[in-house]
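Before any comments, here is the structure.
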């Protein structure tokens with residue numbers, strides 16, 4: 001682990017001599033089949049950035065082949081089934097053989113360099129094999145989260161014009177069956193670009209079969225050759241397309257290139273998690289999201305790490321499942337979401353304390369801001385006050401972690417910390433001018449970095465309009481933040497997650513954090529409702545812990561908590577108790593739905609296909625009507 005002084009020195013070097021710095025990192029972390037001719041060309045103002053032009057490499061070679069001379073028999077993947085009694089391990093040699101076979105199967109299906117392949121699989125080893133097989137032959141993978149509906153799958157397949165789908169008969173999650181092949185068949189009724197479907201047998205239950213289209217994975221793999229050459233890829237040729245969750249507007253097909261993305265994924269994984277050879281590393285994210293891409297698959301495998309792939313949920317068969325897996329596989333580094341941490345905290349400490357967790361050295365958080373109370377529980381109870389916590393801020397578009405407290409550094413609970421090496425972040429006002437310390441504004445990145453997205457697939461205009469301002473040297477993150485006196489960044493929510501009450505701007509993240517500080521509260525989401533005098537008032541949806549009975553006294557305590565934390569202007573006018581919030585399958589709260597319910601706009605909720613549990617809407621509507629009539 002580097003000292004804070006070493007981290008500061010490296011950061012200053014990366015800022016002072018960025019070309020030299022990134023060139024050194026590219027040589028250190030990646031094996032190139034042909035050297036790059038330049039380090040970076042273009043700039044953010046012109047939206048024409050290209051990293052490591054002329055350089056050629058292959059993602060699969062860097063993740064697998066180059067480790068074989070020294071690590072062929074080392075474990076690359078530990079797969080933990082939904083069933084606590086079932087787990088398997090794959091060495092780098094076994095991973096290589098499987099990837100080569102599947103790459104040859106892809107070729108037999110007519111897949112060539114540049115073709116798009118949709119991967120719609122559960123969290124089984126075949127999902128990683130399929131991603132690497134695409135990369136090996138230069139095909140572009142578009143992974144779709146296995147919990148998405150047929151409609152969502154169809155939208156993504158058609159947008160990317162995929163030629164091939166890799167799926168499974170069914171998935172298993174929390175002992176529940178997910179009908180993946182059935183969803184695929186339904187989606188493909190209107191996907192003319194798809195020619196073949198490869199089907200992995202997970203449950204061996206009977207599914208529909210189209211003889212001229214569907215291919216049995218096991219049979220095809222048994223016939224395929226065990227050797228397949230790697231396709232050299234220019235650094236800026238695409239590695240994958242990954243769609244945003246679709247919680248607002250049409251999903252965007254984020255395109256990431258090969259060279260810059262791999263450099264950044266490898267480097268951030270190594271430094272931010274203090275990865276050391278032999279560490280067992282576990283990122284609990286689904287491969288269908290960018291966290292799974294960068295920090296379950298590419299980052300760890302680029303560094304030759306053993307990566308844990310978990311099929312199930314943190315609650316099955318008991319709320320101790322995460323902690324039992326950590327003990328079972330002696331996990332050293334654990335990276336998960338605040339959503340999961342909050343849910344497990346809600347169930348009490350007993351499930352954590354029945355396990356040892358002595359192997360842990362690093363605890364990570366990703367996906368959304370983590371409030372101080374939840375951070376403290378993670379540190380005190382899960383990590384027993386001996387594990388470094390790295391609370392990371394980044395996005396699908398950034399390709400890797402941008403702001404985080406490096407292991408060994410000191411940060412306040414709830415703060416995202418300082419920018420990573422080579423990253424320059426700023427907080428600006430509506431006119432794009434930097435704001436003063438402790439003043440909330442828009443978070444922007446003012447210097448390009450290797451992991452940044454190339455474009456939005458087949459929509460360069462939307463790419464420029466969404467993320468850039470013409471002539472301005474910055475990337476617009478869409479998040480609000482402020483920077484404190486120590487240089488730490490505090491991310492407070494999205495631009496559209498700001499409520500203006502009587503002319504005062506109130507960030508939802510800060511307000512929700514104040515509510516969740518109360519020990520009886522598990523989760524909260526706040527939105528605005530129309531108010532004749534204030535313009536907007538604050539409406540809070542609050543989930544108490546499972547053993548708590550709601551009361552007027554609890555409501556008053558929450559209002560006092562907010563008043564103390566932020567001020568009288570931020571006190572909610574309304575609190576609606578609820579057992580669940582409407583969330584996407586990636587765990588993001590769909591605030592637009594809450595805004596409609598709070599404002600009693602029940603006519604049209606738009607696209608709800610990404611909701612994990614659509615029935616939550618009806619429950620919230622009924623309760624809202626009862627509140628109005630009471």
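Observations on the structure shown:
- FRET E, pair residue 547, residue 93, Förster distance 60 Å, beta-carbon r, rounded to 0.05: 0.75
- Calculated FRET value between residue 28 and residue 622, using beta carbons and R₀ = 51 Å, to 0.05: 0.30
- Calculated [θ] (222 nm, deg cm²/dmol) that DSSP helices of n ≥ 4 give over the chain, each run adding -39,500 (n - 2.57): -8500 deg cm²/dmol
- Spacing of the two label points (7 Å from each Cα toward its C-beta) at residue 386 and residue 530, in nm: 5.9
- Calculated FRET value between residue 604 and residue 472, using beta carbons and R₀ = 41 Å, to 0.05: 0.70
- For the range 497-629, the Kirkwood hydrodynamic radius comes to 15.1 Å, computed from all pairs of different C-alpha atoms.
- Extending 7 Å from the Cα toward the beta-carbon at both residue 158 and residue 555 defines two label points whose distance is 4.6 nm.
- Helix axis angle, 259-272 relative to the chain longest principal axis, alpha carbon, degrees: 60
- Alpha-carbon centroid distance for the pair the range 255-292 / the range 469-545, whole angstrom: 29
- The chain: radius of gyration over Cα atoms, expressed as a fraction of 2.2 N^0.38 Å: 0.94
- Alpha carbon centroid spacing (whole Å) that separates the range 322-357 from the range 62-128: 27
- Peptides ranked, highest mean first, by Cβ atoms within 10 Å: ranges 459-471, 173-185: 173-185, 459-471
- The slack between residue 495 and residue 190, meaning 0.36 nm per residue of separation minus the straight C-alpha distance, is 106.2 nm.
- Here the spin labels are modelled as points 7 Å beyond Cα on the Cα-Cβ line, and at residue 151 and residue 37 they lie 4.9 nm apart.
- Packing-based ranking of 427-439, 558-570 yields 558-570, 427-439, ordered from highest to lowest mean Cβ neighbour count within 10 Å.
- Packing-based ranking, highest mean first, of 198-204, 1-7 given that Cβ atoms within 10 Å are counted: 198-204, 1-7
- Degrees, to the nearest 10: 150-160 long Cα axis against longest axis of the chain: 60
- Neighbour counts of C-beta atoms inside 10 Å place 131, 226, 221, 402 in the sequence 226, 221, 402, 131, starting with the fewest.
- Full extension of the chain between residue 412 and residue 461 yields a length gain of 13.7 nm, computed as 0.36 nm times the residue separation minus the alpha carbon distance.
- For the chain, averaging the sequence separation of C-alpha pairs within contact (under 8 Å, six or more residues apart) and dividing by the residue count gives a relative contact order of 12 percent.
- Degrees between helix 4-16 axis and first principal axis of the chain (Cα, 0 to 90, nearest 10): 70
- In plain terms, the chain from residue 112 to residue 210 could stretch by 33.0 nm, reckoned as 0.36 nm per residue minus the Cα-Cα distance.
- Neighbour-count order for 196, 28, 252, fewest beta carbons within 10 angstrom listed first: 28, 196, 252
- Label-reachable residues, the range 164-206, where backbone N falls under 18 Å from a point 7 Å from residue 250's Cα toward its Cβ: 190-193
Every number here is computed from the coordinates shown, using simple stated rules; none is lab data. Quantities reported herein were computed from a predicted structural model and do not represent experimental measurements. Here the Cβ is made from the backbone with ideal geometry for all residues, glycine too, and neighbour counts use every protein chain on show.
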